[in-house]
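The values are calculated or read from the model by the stated rules, or taken from the named source; none is laboratory data. The structure displayed is predicted, hence computed values, not measured ones. Here the Cβ positions follow ideal geometry from the backbone for every residue, glycine too, while neighbour counts run over all protein chains shown.
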C-alpha cells in the first residue's frame with residue numbers, strides 16, 4: 001500500500017523549485033495523504049508559495065496538507081525527507097562577486113571565490129537533521145551539490161542524495177540531430193557540473209557517428225544562425241563541440257561552461273570570446289548580459305506566482321499546468337517509499 005510521508009522543503013520561497021515540487025507531489029497518487037512543510041526566511045514568499053500549493057492541490061482534489069514556517073527546526077520535526085533548495089545570499093550577491101573579480105582582471109566569473117555561505121548553510125541543515133530527524137533522507141538540490149554532498153557525507157551519518165538536472169542536455173542533442181528521444185539510450189556519469197556522455201545509442205547502435213556527421217555537415221550553419229532564447233542554451237555550441245573533439249566524449253549540461261572543471265580558461269576571457277564559443281546573444285549563462293537576464297526571469301516568475309496567489313479568481317492549474325516536471329526529487333521519494 002502507498003505510504004504518506006512528511007517532506008520538509010528548506011528554501012521554499014524559490015521561484016524555480018517549490019511550485020514544481022508541489023505539481024509533482026500532487027500528480028503522484030502514491031504520495032496521497034502526505035504533509036509538506038515549507039520553510040523559508042522570507043515570510044512573503046513563503047506565504048504565497050503555500051497559498052498556491054494549497055489551491056493547486058484543492059483544484060486537483062488531492063489529499064495533501066501544507067504548512068509554512070520560518071523555523072527550520074519546526075519544519076524538520078518528524079520529516080521523512082528534507083529537500084534543501086536554499087541559496088543563502090542570492091543571485092545579486094553572486095553578481096557582486098563576479099563584478100569584484102572582473103575589477104581585478106578576471107572576466108565575469110572566470111575565477112571562483114568559493115561557496116562558504118552555501119556550504120555553511122548545508123552543514124547547519126545537516127546538523128539540525130542529525131539532532132531532529134536523523135533517519136530522514138536529505139535531497140540536496142541547491143548548489144554546489146557535489147561539494148556540499150561530499151562535505152556532509154564526510155561530516156555526518158545522514159542518508160544524502162545530490163541532484164542536478166544538467167544531464168537532460170542529452171535532449172537538446174536529440175532535438176538538434178532530429179532524433180526521437182524515446183529511441184535513445186544514454187548515460188552521462190560524472191560529478192555535478194562535470195558529466196560526460198559515455199553512452200549514446202540510437203535504436204541500439206552507437207549514435208556518436210550521427211553527431212560527427214552533424215558536425216561535419218551542419219554545425220557551422222547552426223553556429224552562424226542559431227540565436228539562443230535561454231541563457232543556458234549551450235549544449236550544441238561551438239565551445240561544447242570543441243571540448244568533445246578534445247576529450248573524445250560529449251560534455252553535458254553545465255559541463256561545457258565551467259572553466260574550473262575542464263581548465264579551459266580560454267573560453268572565458270571576455271564577452272566577445274564567450275560569444276564566439278557559446279553563441280549569441282548571451283555568450284552562455286555567465287556573462288554580464290546573461291546573468292541579469294536570467295535573474296530578471298526568475299523575479300518575473302516570482303511576481304507571477306504572487307499575483308496568482310493574491311487573485312482568488314485565478315485557477316492555479318490553468319496557469320501552471322497539470323504536467324509533471326522533469327525534476328527527480330518526487331520520483332525518488334516515491335521509489336524509496338513505495339518501491
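Is there a residue being closer than 25 Å to residue 190 by Cβ, exposed (fewer than 13 other Cβ atoms within 10 Å of the Cβ), without any contact (Cβ under 8 Å) to a residue 12 or more places away in the chain and in the same structural domain as residue 230 (by TED's automatic domain parsing) anywhere in segment 263-274?
Step one: filter segment 263-274 for residues closer than 25 Å to residue 190 by Cβ, giving 263-268, 274.
Filter once more, so that each one left must be exposed (fewer than 13 other Cβ atoms within 10 Å of the Cβ): 263, 266.
Now drop any that are not without any contact (Cβ under 8 Å) to a residue 12 or more places away in the chain, which leaves 263, 266.
Narrowing further to those that are in the same structural domain as residue 230 (by TED's automatic domain parsing): 263, 266.
Yes, there is a match, as at least one residue in segment 263-274 is closer than 25 Å to residue 190 by Cβ, exposed (fewer than 13 other Cβ atoms within 10 Å of the Cβ), without any contact (Cβ under 8 Å) to a residue 12 or more places away in the chain and in the same structural domain as residue 230 (by TED's automatic domain parsing).
Looking only at segment 231-247, filter to residues that are assigned to a loop (DSSP other than H, G, I, E, B) and in contact with a helix residue (DSSP H, G or I) (Cβ under 7 Å, 6 or more places away or on another chain); which one of those is surrounded by the most Cβ atoms within 10 Å (Cβ to Cβ)?
Here the residue is 234.
Considering only residues of segment 87-106 that are in a loop (DSSP other than H, G, I, E, B) and in contact with a helix residue (DSSP H, G or I) (Cβ under 6 Å, 6 or more places away or on another chain), which is surrounded by the most Cβ atoms within 10 Å (Cβ to Cβ)? Outline the logic, then answer.
Quick first cut of segment 87-106, residues in a loop (DSSP other than H, G, I, E, B) only: 87-89, 104-106.
Now drop any that are not in contact with a helix residue (DSSP H, G or I) (Cβ under 6 Å, 6 or more places away or on another chain), which leaves 88-89.
Values: 88: 17, 89: 13.
That would be 88.
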Suppose we filter segment 55-80 for residues that are under 18 Å from residue 27 (Cα atoms), buried (at least 18 other Cβ atoms within 10 Å of the Cβ) and touching a strand residue (DSSP E or B) at 6+ places or on another chain (Cβ under 8 Å); how many remain?
3
Apart from one, (1) loosely packed, with under 14 Cβ neighbours inside 10 Å; (2) not in a helix (DSSP H, G or I) all hold for residue 182; the odd one out is (2)
Could you check, for segment 167-188, whether at least one of its residues is closer than 25 Å to residue 89 by Cα and in contact (Cβ under 8 Å) with a residue 24 or more places away in the chain?
no
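Hey, does segment 147-167 have a residue that's in a loop (DSSP other than H, G, I, E, B), exposed (fewer than 14 other Cβ atoms within 10 Å of the Cβ) and in contact with a strand residue (DSSP E or B) (Cβ under 6 Å, 6 or more places away or on another chain)? Show your work before the answer.
Of the residues in segment 147-167, the ones in a loop (DSSP other than H, G, I, E, B) are 156-158, 163-165.
Subset that is exposed (fewer than 14 other Cβ atoms within 10 Å of the Cβ): 157, 165.
Add one more test, that the residue is in contact with a strand residue (DSSP E or B) (Cβ under 6 Å, 6 or more places away or on another chain), and what stays is none.
Within segment 147-167 (the criterion being in a loop (DSSP other than H, G, I, E, B), exposed (fewer than 14 other Cβ atoms within 10 Å of the Cβ) and in contact with a strand residue (DSSP E or B) (Cβ under 6 Å, 6 or more places away or on another chain)), the answer is no, since none of the residues qualifies.
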Does at least one position in segment 291-308 carry a residue that is touching a residue at least 24 places away in the same chain (Cβ under 8 Å), within 18 Å of the chain's Cα centre (by Cα) and outside any helix (DSSP H, G or I)?
no
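Of these, 287, 322, 317, which one is within 24 Å of residue 54 (Cα to Cα) and in a loop (DSSP other than H, G, I, E, B)? Step through it out loud before you land on a result.
Numbers: 287 fails: within 24 Å of residue 54 (Cα to Cα); 317 fails: in a loop (DSSP other than H, G, I, E, B).
Within the list 287, 322, 317, the selection yields 322.
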Does residue 298 count as out of contact with any helix residue (DSSP H, G or I) (no Cβ under 6 Å at 6 or more places or on another chain), surrounded by fewer than 16 Cβ atoms within 10 Å (Cβ to Cβ) and modelled with pLDDT of 95 or more?
no
